[in-house]
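Quick notes on the structure that follows.
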Number of protein chains: 2
Amino acid sequence: MSHSGTGDVRTLSGHPSNGNEDEFVGGQVARSALARGEGMTSQPEFDDWLDACRADQTIRVERRALDELEAWSVDPDTGTIGHASGRFFTVEGVEVNNHHGPIQHWEQPIINQPEVGIQGLLVKEFDGVLHCLMQAKVEPGNFGGVQLSPTVQATRSNYTGVHGGRAVPYVSYFQAGARRRVVCDVRQSEQGAWCYRKHNRYQIVHVTEPVEVLDGFCWLTVRQLHELLAVPDLMNWAARSVLACLPFSADAATALSGHETAETALARSVIRSLSAEGAAALPMAEVLSWITEVRCRNDVEARLIPLREANLWTMRDGAIEHESGCFFRVAGFEVWAGRREVAHWSQPMLEAPSLGLNGLLVKRINGVLHAYMHARVEAGFVDVVELAPTVQCTPDNYSWLSATARPPYMDLLLSVPEDRIRFDVIHSEEGGRFYHARNRYLVVEVGDDDPLPEHEDYRWMSLQQLGILIRHSHYVNVQARSLLACVRGMAGLG
Amino acid sequence: MSHSGTGDVRTLSGHPSNGNEDEFVGGQVARSALARGEGMTSQPEFDDWLDACRADQTIRVERRALDELEAWSVDPDTGTIGHASGRFFTVEGVEVNNHHGPIQHWEQPIINQPEVGIQGLLVKEFDGVLHCLMQAKVEPGNFGGVQLSPTVQATRSNYTGVHGGRAVPYVSYFQAGARRRVVCDVRQSEQGAWCYRKHNRYQIVHVTEPVEVLDGFCWLTVRQLHELLAVPDLMNWAARSVLACLPFSADAATALSGHETAETALARSVIRSLSAEGAAALPMAEVLSWITEVRCRNDVEARLIPLREANLWTMRDGAIEHESGCFFRVAGFEVWAGRREVAHWSQPMLEAPSLGLNGLLVKRINGVLHAYMHARVEAGFVDVVELAPTVQCTPDNYSWLSATARPPYMDLLLSVPEDRIRFDVIHSEEGGRFYHARNRYLVVEVGDDDPLPEHEDYRWMSLQQLGILIRHSHYVNVQARSLLACVRGMAGLG
């Protein structure tokens with residue numbers, strides 16, 4: 001196979017990204033990333049707007065012991081961590097049993113928040129180019145402060161006003177009875193390893209009427225957003241995820257933006273992969289059959305248990321840790337924020353001790369880009385497995401886990417020559433309940449010559465097939481949705 | 001609106017069906033139903049085969065008190081009814097809370113059987129006509145004895161041989177690793193009102209190699225099966241359901257069978273409804289958005305509880321009944337069967353005291369047949385609601401339930417003039433755990449002149465839209481799947 005012409009895809013966003021977590025943080029990169037932006041918000045306008053948002057939305061976070069958090073308590077019997085009001089979320093324990101796979105039993109803390117939040121994106125055409133109304137928003141767990149989020153991110157408590165805080169701007173567009181054209185409206189899972197059966201409602205709503213742009217909001221084109229995916233820690237988890245839910249065919253790609261797409265072989269393979277004309281390696285009936293088969297083969301039972309009973313997890317120095325120090329910690333924080341509805345509060349967050357890896361192997365099959373998807377079990381999934389990236393893990397955890405638990409293809413992905421890397425950027429996960437949880441998003445292209453052992457839990461799929469599945473709940477996990485947006489972005493679509 | 005030309009659709013199957021439950025039971029009707037059959041199994045061959053199966057597969061069932069069933073016991077603490085081996089299923093209690101809808105809290109017994117069974121259909125072309133390998137099978141709860149079932153109906157205990165019984169014929173076609181072409185492979189729910197989160201794996205597998213036809217099996221065309229849907233209590237629940245999972249477009253309809261489709265206005269509207277050329281009243285994005293909205297609006301919590309604690313349910317004369325005598329009973333039975341792997345056994349079954357109603361309103365919109373689907377909450381559903389027929393109820397229950405709980409459109413459906421009825425046949429539900437559970441399957445056509453108040457839990461959908469959803473789990477419930485097969489059958493498809 002030939003890699004000719006693929007080098008420039010990596011630089012479509014105007015700058016290289018090497019995944020070094022110290023190198024691309026802050027406003028400089030954000031300013032340079034939009035050099036080719038041609039939407040209603042010009043590059044200088046975006047820079048100024050982001051700077052102003054950063055100046056305006058300050059946040060300060062300090063560590064506190066879990067049992068000293070104001071308004072939060074640790075239940076003496078169960079160990080459950082909860083708020084005095086009964087609102088927000090609790091941290092409980094979960095016990096997972098599966099008669100299949102390398103790890104057949106484990107226990108862990110998990111966030112329980114049985115309500116469906118809204119992740120809403122308002123889209124509108126200006127001069128025939130589709131724009132998205134983005135919000136600059138800071139969260140206490142964010143690495144690097146302000147990030148771009150969809151138009152609305154609201155828990156049920158938020159948008160029903162239980163908080164007693166301000167009304168959520170633009171939320172009425174996403175509520176029942178609104179006059180609107182729905183582009184997408186689907187519940188999608190959150191991080192299944194950290195949240196129990198939690199999903200959010202992703203809504204993309206197309207409007208034609210004038211929309212007042214409030215402070216902290218900005219119209220950006222789909223192409224601009226795709227380019228911003230090359231900037232570390234800027235597009236937040238929900239922005240990446242909702243972008244992946246935007247229906248996208250090769251026709252739509254140009255129709256939506258009026259831009260010419262990048263004319264490299266890899267970019268063409270992405271575009272062909274989005275449409276029916278590029279045939280997928282596996283017929284859709286076989287893809288669905290494989291998912292059904294994996295869901296029937298795995299016999300997962302995930303059951304909430306008292307947090308105190310979660311084996312190998314203990315309170316140490318005011319935080320709950322695994323005995324190995326791996327996986328994550330449940331830690332307490334006190335927060336002071338400039339523009340939040342409540343300016344000062346305390347809360348627990350799940351803290352990642354080290355950088356995670358969400359890696360996707362891609363391959364051109366008959367000129368059509370395919371992604372190698374993993375049907376993966378997570379403790380918090382509603383329906384046994386969802387499609388995950390080829391490799392989704394925290395490499396440091398394997399200092400403690402047995403060698404047999406080492407994920408297939410992880411070593412391949414981490415040892416691949418530099419010239420196979422097509423995308424390599426660090427992004428942040430949710431910042432409201434996770435503290436500095438960050439993952440390296442890596443796309444690596446392999447060819448027919450690369451030996452890739454077959455595995456019953458992995459299949460090659462086209463982007464069109466992923467697009468069909470993403471219209472329904474419980475198929476594509478949050479990490480895979482992020483990578484799907486990144487792969488589209490690689491081809492300069494918008 | 002005009003009903004001209006629709007009368008003959010009702011008689012496509014060669015005989016009328018008026019839903020009188022005493023009139024069409026037994027072999028005579030089965031013999032007459034295939035008058036126009038042109039598959040590999042001729043009408044006389046089918047008659048002889050079914051007679052022979054009935055003679056061969058005898059079953060005798062006698063009532064026993066629940067606490068006297070051999071090998072079954074009632075747990076003294078919880079009231080759970082279970083088998084000594086821990087296999088088969090248990091009868092437990094369930095408590096349902098929903099903050100939406102007319103009935104916001106109830107408790108009831110429910111079958112708990114946390115394993116995924118196989119409902120497998122082998123299909124093959126003879127002379128270019130698609131045939132299905134059907135099995136004649138008797139179950140203890142069947143009304144009228146032998147019924148037609150898919151090629152394979154097997155619980156996990158069955159096909160893994162835990163029973164110690166005979167190997168399940170043809171099951172290898174439906175197991176991982178088999179060389180085969182998968183037409184459909186999807187988990188679908190069972191009766192959510194009677195079974196807790198139970199689903200089965202529906203597989204349709206296309207073969208080209210020779211298949212030995214064992215005793216009790218028979219090849220029938222899709223058209224023959226559609227015609228047999230007009231015979232009461234003959235096509236069993238799984239046969240109806242798997243038939244509904246067969247992907248069906250207007251093109252495929254003729255290509256599959258080589259038959260000309262019926263040329264009436266109603267039949268044409270069914271055919272147009274199966275294909276993209278007939279536009280649906282509501283775009284698919286709006287249909288998905290509505291389902292998402294209903295799933296978010298309902299806040300259902302269904303939780304297993306000890307059966308002893310199920311309020312209003314008590315043991316009376318050896319069976320568990322609701323204080324009203326409505327809904328269903330949990331009763332005990334002793335069974336003697338001629339050709340079962342175990343010839344004599346006892347078991348509990350859920351018994352329906354009166355006939356249920358599964359009624360579908362249909363309407364031609366722009367010449368395309370639409371079905372009026374209900375997004376319905378049931379205690380046992382995995383994902384809040386599934387699409388159900390317009391009306392799904394047991395009318396006699398409303399002697400006890402309050403008038404506000406009376407289902408919308410029930411009175412309309414039951415009082416409609418005779419000339420609006422397009423299909424009206426009684427079918428049996430599952431006979432392995434339900435005793436004489438039977439429903440009247442009724443399709444009623446309304447026109448633009450009929451006043452039909454709008455309701456937030458109901459939408460008009462085309463058959464193509466239902467076909468898209470049925471490829472995925474948790475969308476279309478078992479009663480709606482039966483009716484979908486019946487509607488296709490109305491148009492003489494196959």
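The values are calculated or read from the model by the stated rules, or taken from the named source; none is laboratory data. Since the structure is predicted, the reported quantities are computational estimates derived from the model, not experimental observations. Don't worry about glycine lacking a Cβ; one is built from the backbone with ideal geometry, like all the others, and counts go over all protein chains shown. Calculation scope for accessible area: heavy atoms of the full protein, side chains included, ligands and nucleic acids excluded. Shrake-Rupley method; radii C 1.70, N 1.55, O 1.52, S 1.80 Å.
Close amide H pairs (under 5 Å, H built 1.01 Å from N) link A:PHE423 with A:VAL443, residues at least 5 positions away or on another chain. Using the empirical formula 2.2 N^0.38 Å as the baseline, the Cα radius of gyration of the range A:96-246 reaches a ratio of 1.16.
Once all protein chains are placed together, B:CYS393 keeps about 20 Å² accessible to a 1.4 angstrom probe.
Close amide-amide hydrogen proximity is noted between B:LYS198 and B:GLU190, each under 5 Å apart and 5 or more residues distant or on a separate chain (H modeled in the peptide plane; Pro and chain starts excluded). Largest to smallest in accessible area, the residues B:SER402, B:SER354 fall in the order B:SER402, B:SER354 (1.4 Å probe, all protein chains included). Give me the net charge of B:GLY367's neighbourhood, meaning all other residues with Cβ under 10 Å from the Cβ of B:GLY367; Lys, Arg count +1, Asp, Glu -1. Here the charged neighbours net out to +3.
Would you please classify the overall shape of the protein assembly as shown from the alpha carbon gyration tensor, given that a ≥ b ≥ c denote the square roots of the eigenvalues, rounded means a/c under 1.5, and beyond that prolate means a/b larger than b/c while oblate covers the rest? Judged from the Cα gyration tensor, the protein assembly as shown comes out prolate (a/c at least 1.5, a/b above b/c).
Each principal axis of the range B:182-231 carries a Cα extent, and these read 39, 29, 22 Å when sorted largest first. In summary, the lysines within cross-link reach of B:LYS198, defined as a Cα separation below 25 angstrom excluding same-chain residues under 8 places away, comprise A:LYS198, B:LYS137. Taking the Cβ of A:THR78 as the centre, find all other residues whose Cβ is under 10 Å away and add up their charges (Lys, Arg: +1; Asp, Glu: -1). Computed value for this residue: -3.
Amide H contacts under 5 Å for B:GLU386: B:ARG376, B:GLU378, restricted to partners 5 or more places along the chain or on a different chain, H placed in the peptide plane at 1.01 Å from N.
With helices as the sole contributors, chain B gives -6000 deg cm²/dmol at 222 nm; each DSSP H run of n ≥ 4 counts as -39500 (n - 2.57), and the sum is divided by every residue. Take each residue of peptide A:181-193, count the partner chain Cβ atoms within 10 Å of its Cβ, and average: the result is 3.
When both bridge partners sit in the range B:355-494, DSSP labels roughly 70% of those beta bridges antiparallel. Couplings for the range A:92-98, taken from phi via the Karplus curve 6.51 cos²θ - 1.76 cosθ + 1.60 with θ = phi - 60°, read 10, x, 9, 10, 10, 10, 8 Hz in order; Gly and Pro are left as x. Interface area, chains B and A: about 2400 Å² of buried accessible surface, summed, with a 1.4 Å probe and ligands, DNA and RNA left out.
Its residue count N fixes a reference of 2.2 N^0.38 Å for the range B:448-494, and the Cα radius of gyration divided by that reference is 1.35. Cα centroid distance between the range A:430-453 and the range A:375-429, in Å? Between the Cα centre of the range A:430-453 and that of the range A:375-429, the gap is 6 Å. Normalised per residue, the accessible area of the range A:352-401 is 25 Å², obtained with a 1.4 Å probe and no contribution from ligands, DNA or RNA.
Taking a ≥ b ≥ c as the square roots of the eigenvalues of the Cα gyration tensor, the range B:289-364 is classed as prolate, since a/c reaches at least 1.5 and a/b is larger than b/c. In the range B:117-250, what percent of the accessible surface is made up of carbon and sulfur (1.4 Å probe, ligands and nucleic acids excluded)? Within the range B:117-250, the accessible surface is 50 percent carbon and sulfur. Taking a ≥ b ≥ c as the square roots of the eigenvalues of the Cα gyration tensor, chain A is oblate, since a/c reaches 1.5 or more and a/b is not larger than b/c. Counting, for every residue in A:287-295, the Cβ atoms of other protein chains within 10 Å of its Cβ and taking the mean gives 6.
Among residues other than B:ILE110 with Cβ under 12 Å from its Cβ, the summed charge is -1 (Lys and Arg +1, Asp and Glu -1).
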